[in-house]
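Comments concern the structure below.
Throughout, read-outs are computed from the coordinates displayed, never taken from laboratory work. What you see is a predicted model, and the numbers here were worked out from it, not measured in a lab. Here Cβ is always computed from backbone atoms with ideal geometry, including for glycine, and neighbour counts include all displayed protein chains.
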Amino acid sequence: MTTSPSLTVGDRMALEPIVIRADATLTEATTLMDRHHVHGLPVVDAAGSLVGVLSQTDLARARATEYLWSNWPGLVVRHLMTSPAIIIHRSTGLDVAARKMERNRIHRLVVVDDEDGTIPIGVLSTTDLIHAIAEELAEATATPEAGSNA
């Protein structure tokens, strides 16, 4: 039985990530996540460089915290984002990405180019990993054993 080359983050990442500026309002962030059906957004500065990540969990925590909720109109993304963003390079193997997510207890990694670690080029989510696992298992069970007369 032959094994296929290891899949990389670049093979499975969502391209052209939906990003938000650090100075955007939380309402803008919530609307963007809802409209695009994403659970997290890479956060960039005015130059487009990655400065953090804003997740649905961050927004839910703000809603559940009286002080934050009462100040919601005056808050911007940089007040709630996680910084620095946990990144991964596009050429990294999916196995390494899965371990990084588990170790950091996060649901997405911001993908950066191998040459420039400041500009987000994609996002790899746990959903992307599950799809890859499912496909790998389906291929493994569909491949007949070597030497079989089936």
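Which one is surrounded by the most Cβ atoms within 10 Å (Cβ to Cβ), of the residues in the stretch 32-43 that are more than 23 Å from Pro73 (Cβ to Cβ) and in contact with a helix residue (DSSP H, G or I) (Cβ under 9 Å, 6 or more places away or on another chain)?
Once the filter is applied, the top-ranked residue is Val38.
Please enumerate the residues belonging to the stretch 1-26 that are without any contact (Cβ under 8 Å) to a residue 60 or more places away in the chain, surrounded by 12 or more Cβ atoms within 10 Å (Cβ to Cβ) and outside any helix (DSSP H, G or I).
Hits for the stretch 1-26 are Ile18, Ile20, Arg21, Ala22, Asp23, Ala24, Thr25.
Looking at the stretch 81-95, which of the residues that are among the polar types (S, T, N, Q) and farther than 14 Å from Ala132 by Cβ is surrounded by the most Cβ atoms within 10 Å (Cβ to Cβ)?
Keep residues of the stretch 81-95 that are among the polar types (S, T, N, Q), which gives 82-83, 91-92.
With farther than 14 Å from Ala132 by Cβ added as a condition, the list becomes 82-83, 91.
Details: Thr82: 15, Ser83: 12, Ser91: 11.
Looking at residues that are among the polar types (S, T, N, Q) and farther than 14 Å from Ala132 by Cβ, I get Thr82.
Checking the conditions here, which among Arg78, Arg35, Arg103, Arg61 is of a type outside the set (Phe, Trp, Tyr) and under 23 Å from Ile133 (Cβ atoms)?
Details: Arg78 fails: under 23 Å from Ile133 (Cβ atoms); Arg35 fails: under 23 Å from Ile133 (Cβ atoms); Arg61 fails: under 23 Å from Ile133 (Cβ atoms).
Going through Arg78, Arg35, Arg103, Arg61 in turn, just one is of a type outside the set (Phe, Trp, Tyr) and under 23 Å from Ile133 (Cβ atoms): Arg103.
So Ile87 passes all but one of these: (1) within 13 Å of the chain's Cα centre (by Cα); (2) under 16 Å from Ile20 (Cβ atoms). Which condition number does it fail?
(2)
Which is surrounded by 13 or more Cβ atoms within 10 Å (Cβ to Cβ), more than 15 Å from the chain's Cα centre (by Cα) and without any contact (Cβ under 8 Å) to a residue 40 or more places away in the chain, of Ala62, Ala98, Ala29, Ala46?
Numbers: Ala98 fails: more than 15 Å from the chain's Cα centre (by Cα); Ala29 fails: without any contact (Cβ under 8 Å) to a residue 40 or more places away in the chain; Ala46 fails: surrounded by 13 or more Cβ atoms within 10 Å (Cβ to Cβ).
None of the others qualify; the one that does is Ala62.
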